[in-house]
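In what follows, a structure is listed as structure tokens, so that the remarks can point back to it.
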Amino acid sequence: MSDTGMTDTLNRLAEVLESRKGAAADSSYVASLYHKGLNKILEKVGEESVETILAAKDAAASGDCSELIYETADLWFHSLVMLAALGQHPQAVLDELDRRFGLSGHAEKAARSDAN
């Protein structure tokens, strides 16, 4: 997938997530998450994180990454719901990743530690 395709997908998802904010709780899964509140959304992000980790361990043992891809999609999706609930667009994450290009991971982590 091209960078444009990735960005298009994220933009389309962001639009859908935004449109569900004012929807009735019983109209969609995302609307129901928004109505349940941030804690429920965070719980789902945590749950999907664990499922992704377990799928990665299984993939390492079996060589089959299909479940890992599925669980990663769930994790990304719920992370996008979390961002949207907090008024953030996926572009902010892409901008942060772009900012990190050419920066040593060790230097970036040290800079964050120094700031805290």
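Below is a table of values for the structure above.
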| read-out | value |
| --- | --- |
| Residue under evaluation ALA73, criteria (1) loosely packed, with under 14 Cβ neighbours inside 10 Å; (2) over 16 Å from the mean Cα position of the chain (by Cα), criterion not met | (2) |
| The stretch 3-24, residues that are assigned to a helix (DSSP H, G or I), under 14 Å from ALA85 (Cβ atoms) and touching a helix residue (DSSP H, G or I) at 6+ places or on another chain (Cβ under 7 Å) | LEU13, ALA14, LEU17, GLU18 |
| Entirely in the stretch 36-116, the helices (runs of 4 or more DSSP H) that have 3 or more residues that are under 17 Å from MET6 (Cα atoms) | 66-85, 90-100 |
| Selection status of ARG99, loosely packed, with under 12 Cβ neighbours inside 10 Å, at pLDDT below 95 and either under 20 Å from the mean Cα position of the chain (by Cα) or of a type in the set (Phe, Trp, Tyr) (or both) | yes |
| Single residue of the stretch 7-41 satisfying the filter (out of contact with any Pro (no Cβ under 8 Å at 6 or more places or on another chain) and in contact (Cβ under 8 Å) with a residue 60 or more places away in the chain) that is surrounded by the most Cβ atoms within 10 Å (Cβ to Cβ) | LEU17 |
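The values are calculated or read from the model by the stated rules, or taken from the named source; none is laboratory data. If you're wondering where the values come from, they're calculated on a predicted model, not measured in any experiment. Here Cβ is always computed from backbone atoms with ideal geometry, including for glycine, and neighbour counts include all displayed protein chains.
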